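Everything below concerns the one structure shown next.
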Amino acid sequence: MQVILVSRSGLHDPFFVAVSTSQVLRQSIADLAAGRCAAVRISGFMSAKICRQVLAALETASFESYGEERVQPQVLRFGVGVSDHRVDGAIADTYWEAAAASRQAWEALGLPFDPFAYCRDRLGEDWPGSVDVGTYRGRELEPGVAREPNGGFIVHYDDAQREFTDGFLDAGQIAQFAFNLYLSVPAKGGETVIWRHRWAPADEAFRLPGSYGFADGVVGTAESLEMRPKIGEALLFDPRNYHAVRPSLDARRIALGFSVALTDTGDLLTWG
Ligand SMILES: O=C(O)CCC(=O)C(=O)O
Ligand SMILES: [Fe+2]
């Protein structure tokens with residue numbers, strides 16, 4: 001396990017930490033929602049055997065890529081993501097057809113279980129509310145995607161409330177987490193970096209035109225933490241903090257990913 005705290009100012013926020021645990025704990029999820037930590041790393045979230053099975057199936061699958069005008073360097077994905085179907089702050093109708101195709105493609109992998117359901121069940125082990133796939137205007141969203149950012153993710157944030165201005169899930173949203181479950185990771189590169197900085201209007205000066213991301217300068221001298229993912233580990237973090245993934249240098253970096261909303265009824269809703 002490797003967590004490097006970097007603070008160019010020399011100052012450290014004691015709440016800006018990655019908590020490592022081997023159990024899914026209600027307390028850790030609450031700490032993340034409340035801002036008492038920046039990330040939760042859960043080792044052994046998915047058993048080695050299940051990871052191998054999912055990875056073996058995905059290794060034979062053909063991945064597509066996120067919209068290449070918006071996402072550079074290219075990020076491969078298996079399954080549909082809402083971000084490719086966002087038009088004027090709403091989910092466009094094109095999403096639903098892509099979602100049906102995505103569901104079929106996952107089914108065609110022939111896995112004897114649903115890996116996203118497995119992740120939801122694990123997340124719910126110590127959570128008092130339910131853990132379900134979210135709905136948008138009454139229709140169930142896709143549960144997640146497999147992502148392969150071999151060239152990395154540039155510095156960006158994710159916040160459905162800002163991205164989907166027409167309201168997003170059919171639920172009152174209190175917090176949002178990013179969930180990643182690592183199936184294949186490089187020995188060199190592939191680190192996830194999170195900065196203690198959230199979007200502010202002045203950041204728009206750093207936005208790369210047409211892109212989901214920003215020039216590195218957007219995070220200035222903010223404190224950051226860097227994590228090298230491990231196979232079978234789940235990472236939950238607050239994606240309103242700017243974050244990036246470093247390029248993979250010697251192997252494929254494949255993770256199951258979805259977003260998680262904590263609702264005003266205390267439930268967790270996920271979507272890809
Ligand atoms: O792959 C990762 O570690 C993080 C990817 C990311 O940008 C996200 O989950 O929002
Ligand atoms: Fe992200």
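The values are calculated or read from the model by the stated rules, or taken from the named source; none is laboratory data. Small disclaimer: the values here were computed from a predicted structure and weren't measured. As a convention, Cβ positions derive from the backbone with ideal geometry for all residues, glycine included, and neighbour counts pool all protein chains shown. These accessible areas exclude ligands, DNA and RNA; they are computed on the full protein's heavy atoms, side chains included. Shrake-Rupley method; radii C 1.70, N 1.55, O 1.52, S 1.80 Å.
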Is it the case that some residue within the range 167-181 is within 20 Å of residue 65 (Cβ to Cβ), modelled with pLDDT of 95 or more and within 16 Å of ligand 2 (Cβ to nearest atom)?
-> yes
Every pair of residues 6+ apart whose Cβ atoms lie under 8 Å, when the first sits in the range 244-266 and is in contact (Cβ under 8 Å) with a residue 60 or more places away in the chain and in a loop (DSSP other than H, G, I, E, B) while the second is of a type in the set (Phe, Trp, Tyr) and buried (at least 22 other Cβ atoms within 10 Å of the Cβ) | 253/182
Scanning the range 240-253 residue by residue, those of a type in the set (D, E, K, R), surrounded by fewer than 20 Cβ atoms within 10 Å (Cβ to Cβ) and within 16 Å of ligand 2 (Cβ to nearest atom) turn out to be 240, 246
Over the range 184-205, the set of residues within 16 Å of ligand 2 (Cβ to nearest atom) and either closer than 20 Å to residue 73 by Cβ or among the hydrophobic types (A, V, I, L, M, F, W, C) (or both) is 190, 191, 192, 193, 194, 195, 199
Name the one entry in 132, 158 that is open to solvent by 20 Å² or more (accessible area, probe 1.4 Å), modelled with pLDDT of 95 or more, part of a strand (DSSP E or B) and of a type outside the set (Gly, Ala, Ser).
-> 132
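Can you tell me which residue among 237, 206 is within 24 Å of residue 84 (Cβ to Cβ), free of Cβ contacts under 8 Å to residues at least 40 places away in the same chain and touching a strand residue (DSSP E or B) at 6+ places or on another chain (Cβ under 8 Å)?
Numbers: 237 fails: free of Cβ contacts under 8 Å to residues at least 40 places away in the same chain.
Being within 24 Å of residue 84 (Cβ to Cβ), free of Cβ contacts under 8 Å to residues at least 40 places away in the same chain and touching a strand residue (DSSP E or B) at 6+ places or on another chain (Cβ under 8 Å) holds for just one of 237, 206, which is 206.
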Flag for residue 267 being away from ligand 2 (no atom under 14 Å from the Cβ), open to solvent by 20 Å² or more (accessible area, probe 1.4 Å) and either touching a Lys or Arg at 6+ places or on another chain (Cβ under 7 Å) or at pLDDT below 95 (or both) | no
Checking residue 223 against (1) acidic (Asp, Glu); (2) within 13 Å of ligand 1 (Cβ to nearest atom); (3) over 15 Å from the mean Cα position of the chain (by Cα), which test does it fail?
-> (2)
Can you name every residue in the range 174-195 that is closer than 26 Å to residue 264 by Cβ, open to solvent by 30 Å² or more (accessible area, probe 1.4 Å) and within 16 Å of ligand 1 (Cβ to nearest atom)?
-> none
Being in a loop (DSSP other than H, G, I, E, B) and more than 10 Å from ligand 2 (Cβ to nearest atom) is the filter here, so list the residues in the range 229-239 that pass it.
-> 229, 230, 231, 232, 233, 238
(1) among the aliphatic types (A, V, I, L, M); (2) open to solvent by 10 Å² or more (accessible area, probe 1.4 Å); (3) part of a strand (DSSP E or B) all hold for residue 222 apart from (3)
